[in-house]
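Contents: one structure, followed by commentary.
All of the numbers you see were taken from the coordinates with simple rules; none came from a lab. All values reported here derive from a predicted model rather than from experimental measurement. Cβ atoms come from the backbone with ideal geometry, glycine included; neighbour counts cover every protein chain shown.
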Amino acid sequence: MPLEKEGNRFEILKREDFSDVTYLLEVHHPMMAKAARPGQFVIVMEHEHGERIPLTIADYDRDKGTITLVVQAVGKTTREMQQNCREGTHLYAVVGPMGIPSHIGQANKVVCVGGGLGVAPIYPQARAYKESGAYVIGVVGFRNKDLMFWEDKFRACCDELIVCTDDGSAGIKGLVTEGIKQAIAKHSDIDEVVAIGPPVMMRGCAETTRPHKIKTLVSLNPIMVDGTGMCGGCRVKIGDQIKFACVDGPDFDGHRVDFDDLMARLKRYTPTEKTALKRWEDGCRMKTPISPALISSLTAAQLSQLDPSELDQLDPYEETKGG
Amino acid sequence: MAKKKTIRTIPQERTPVQELDPVERVKNFAEVNCGYRIEDAVNEAERCLLCPDPACVKGCPVSIDIPGFIMKISAKDFRGAYDVITDTNLLPAICGRVCPQENQCEGVCPVGETLEPVAIGRMERCIGDLAIAEGWSNIPYIEPNGFKVGIVGSGPAGMACAADMAKAGCDVTVYEAFHQAGGVLKYGIPDFRLPNPVIDAEIGNLTKLGVKFECNTLVGRLFTIEQMINEMGFHAVFIGTGAGYPTMMGVPGDSLNGVLSANELLTRCNLMRAKEFPNFDTPLQLGNRVAVIGAGNTAMDATRVCIRLGAEKVYCVYRRSKTECPARAEEVHHAEQEGVEFHWLTAPVEVLGDANNNVRGMRCIRMELGEPDDSGRRRPVPVAGSEFEFETDMVVFAIGTNANPIMGQTSKLKLNKWGYIDTDASLAASIAGVFAGGDIVTGAATVIEAMGAGRTAARSMKAYLGIRDTDLPYLSEGWGSAGKLFGIDLRERNFARIRIA
């Protein structure tokens, strides 16, 4: 089972844009596709000078030998990836699958909750529960209808699907917690709730299920460096214990997670993140973008003289709005 | 040979080594110790008594023929000296820099009984650097033997084991989870102590031996140890994944923003090059007044990194006294020179935070030394009523590490009660064909001890595979307790392997 030659590794075979901030990358990594299980994540470095960022594995295809990542362009690295990662390009480093896979137990009835970007990583869990024979209720939440994705994939593996949008443009109006409440009202025999999304949403889910004493698992997303248990940057408080999300998690009992601590720790690098983003945006603006109107007026010969990096500026998704 | 040297006839003073001026060096990450020039090494070589039964060789975890290479230096045969060293240690430029020689070879040097001991480490480094500059490598004739060996972790233990197995003719692949090989040498030890080009040069030597490095590979999760043996065709596997997992302080406030492990600080700064932020994307938000807890080599590295990154004040807080401090003497000395303020006999009680969850200070308590504990060092005891607070905006803890749990989570390897891999004296683990060594077996130790373990494991691995070891007559009595592994005679283990193959 030899790994591939350096230059051919981690090729992006497919890219799909769900909205102007959310995009999907399908990365070629046959060994990882074989090893990956629901709940695990990878650490990605876009280029040699890049930072290591954890991304949950949203799907994997063992036949094609690919893993799927769904990324939200919020900071410098994820925006830069949005600009540079195209089909046929390569990532500098992808390592994983990391973390303890989700325990897909013998639950009979499960609610799988995904909010925003958490919708992608909840999908393999929903599918795994379905495959294990459970009755799966999917609850997915988006800000509005335009940001929705993968509804078909969820319909295919969920026995029921509740879509929630903040503005009511699709499904029910309200947060995913509304969806959970609906599910609990309808089914008195829910064994487990699995929730993935922003910390504030996962806390909401845990608080919604707490009075009903329904086991609730959440997937935590703290800041990481190595992802192998070595730096301790991802430490989280679970009850009275300190755990490392990268090797002891990322799934934990939502009723025991100290979300205040998690959210405070997620803000650790806000000042430097802002600096990095601003510098990068300024750097992008310095190059004069070429308008599509100009391109269409150029002859083929003139076009061929353009620096390819300038053509990259034509990216229709370049104008990101942040998350 | 000239007439026999005695303690009276040798140069009495240890040849000094040039160091960068503390005032200048705190502004950059250039290597502090400039190393011996060739002539310094030749001078220092004169100080060796060339003892007939050299204590230094026994003091060296990898048993380098120290008088042998010193003799070559005296004869100005530097290439010869390099060959002598690299017969046992493939990484002289690294070991010359990071070994705690004062507790090893130099600690037992008879010259040291009356004078300063012979500067073995500095000479070793000089030869190692010369070899890099000249592009020397000591590549023996290797006849492939068809055995495939997998090494998990590219740190010092893995590198040493890889070198020995490759020399024996095995097809060696080293797996590393990070995007660059080198392990703790890369992420942990800063440039001013061990420059990255030195590590890369030594890794280059391994590559010349035919060793393959596969980065971005998290063994255990991408594939398991059992898969390596059963499916991937490895005849033997060595695990040298290190201890990693930092120990928490366990005091209130230790999850405040601004409290981080030395591992995180060093990894961000060294491997991820946060010191060059924003040209490199990984940030490191340095405090103005940094308190580093602990006084081992990692703590020293952390203090000195913070000084170089521009912290106004760096404190080193340690619960015992300077005598018990585990760091190399040279590191403490360098840290003092660079302005690190040491607070011996002081232990943290609480990290204090502000409204934004950032560190604003630390409450500490004074300690005094009581009766010796298990480690033989006097146990620190808190002095009642001596608590005090001081201002700090960043706390770095360097108080040791625990076993990394990934191997235990993903394989059926037997672990000891602390979570380290259980091995016998020959470093064989509980799965046939799997060996382990370094911090993942012993808990946190030094680079050279890890290398020594890598070599011991390599010897056992060769015996297991039935490869005749040039260091060792086949199945000699030298094996002693290692003649049997888990109660099975070594020869039978070979038989077991043949059946699998």
Review point. Hey, what number do you get for chain A at 222 nm if only DSSP H runs of n ≥ 4 count, each worth -39500 (n - 2.57), divided across all residues, to the nearest 500?
Key: -8500 deg cm²/dmol
Check your understanding: How far apart, in nm, are the 7 Å Cα→Cβ label points at B:THR9 and B:VAL23?
Key -> 4.5 nm
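For a test of the definition: using alpha carbon positions, the gyration tensor, and the 1.5 limit on a/c, classify the range A:99-256 as rounded, prolate or oblate.
prolate
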Review point. Hull surface divided by four, with the convex hull built on the Cα atoms of the range B:54-146: how many nm²?
Key: 6.8 nm²
Revision key, fill the gap. Per the Kirkwood formula over distinct C-alpha pairs, the hydrodynamic radius of the range B:279-400 in angstrom is 15.0 Å
Point to revise | Selection from A:TYR23, A:THR66, A:GLN82 lying farthest towards where the dipole of the range A:1-123 points positive, charges on Cβ | key: A:THR66
Practice item. Just need the relative contact order of the range B:279-400 here, percent rounded to a whole number, with Cα pairs under 8 Å and 6+ apart. Key: 30 percent
Exercise for review: Scan around A:ASP59 for amide H atoms under 5 Å from its own, H built in the peptide plane at 1.01 Å from N, and keep only partners 5 or more places away or cross-chain.
Suggested key: A:THR68
Review point. If the cut-off is a Cα-Cα distance under 13 Å, which aspartates and glutamates reach A:LYS215, setting aside same-chain residues fewer than 8 apart in sequence?
Key: A:ASP189, A:ASP191, A:GLU192, A:GLU207, A:ASP251, A:ASP253
Check your understanding: Quick one: which of A:LYS14/A:LYS153; A:LYS76/B:LYS275; B:LYS4/B:LYS76; A:LYS153/A:LYS173; B:LYS27/B:LYS186; B:LYS58/B:LYS148 span more than 23 angstrom between C-alpha atoms?
Key -> B:LYS58/B:LYS148
Practice item. Measure of size requested: the Rg and Dmax of the protein assembly as shown, with Cα atoms as the atom set and Å as the unit; please supply both. Key: 28.8, 99
Revision key, fill the gap. Taking R0 as 56 Å and r as the Cβ-Cβ distance between A:LYS274 and B:CYS34, the FRET efficiency 1/(1 + (r/R0)^6), rounded to the nearest 0.05, comes to 0.90
Check your understanding: Once phi is turned into θ = phi - 60°, what whole-Hz ³J(HN,Hα) does the Karplus curve with 6.51, -1.76 and 1.60 give for every residue of the range A:104-111, x standing for Gly and Pro?
Key -> 8, x, 9, 4, 8, 9, 10, 9
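Enter the mean number of other protein chain beta carbons within 10 Å of the beta carbon of each residue in B:191-199, as an integer.
Mean number of neighbouring Cβ atoms from other chains: 0.
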Check your understanding: For A:GLU281 and A:GLU151 in the same chain, what is the full-extension length gain: residue separation times 0.36 nm, less their Cα-Cα distance, in nm?
Key -> 43.5 nm
Review point. Across the residues of B:293-305, average count of Cβ atoms on other protein chains within 10 Å?
Key: 0
Point to revise | Amide H contacts under 5 Å for B:CYS316, placed H, 5+ residues apart | key: B:VAL292, B:GLU341, B:PHE342, B:HIS343
Check your understanding: What are the aspartates and glutamates whose alpha-carbon lies under 16 Å from the alpha-carbon of A:LYS274, with same-chain residues fewer than 8 places away excluded?
Key -> A:GLU51, A:GLU80, A:ASP282, B:ASP281
Review point. When chain A is treated as a GNM, springs tying every alpha-carbon pair under 10 Å, which of A:ASP251, A:ASP240, A:ASP20 comes out with the largest mean-square fluctuation?
Key: A:ASP240
Check your understanding: Which distance in nm do the two modelled labels at B:ALA133 and B:ARG79 give, with both placed 7 Å along the Cα-to-Cβ direction?
Key -> 1.7 nm
Revision key, fill the gap. Amide H neighbours of A:VAL194 at under 5 Å, excluding residues fewer than 5 places away on the same chain, with H built from the backbone geometry, are A:VAL111, A:CYS112, A:VAL113, A:LEU217
Revision key, fill the gap. Given unit charges at Cβ for Lys, Arg (+) and Asp, Glu (-), the dipole magnitude of the range B:117-267 about its Cα centre in debye, nearest 20, is 120 debye
Practice item. Obtain the nm distance between the two label points defined at B:GLU371 and B:GLU226 by a simple spin-label model: each point lies 7 Å from its Cα along the Cα-to-C-beta direction. Key: 4.7 nm
Practice item. Count, for each residue of B:258-266, the Cβ atoms from other chains sitting within 10 Å of its Cβ, then give me the mean as a whole number. Key: 4
Point to revise | Phi-based couplings in Hz for the range B:104-109 (Karplus 6.51, -1.76, 1.60; Gly and Pro marked x) | key: 10, 3, 6, x, 10, 5
Exercise for review: Largest first and to the nearest Å, give the Cα extent of chain B along each principal axis.
Suggested key: 66, 60, 51
Exercise for review: Would you mind working out the magnitude of the charge dipole of the protein assembly as shown relative to its Cα centre, with +1 at each Lys and Arg C-beta and -1 at each Asp and Glu C-beta, to the nearest 20 Debye?
Suggested key: 1120 debye
Check your understanding: For chain B, what does -39500 (n - 2.57) per DSSP helix run (n ≥ 4), summed and divided by total residues, give at 222 nm, in deg cm²/dmol to the nearest 500?
Key -> -9000 deg cm²/dmol
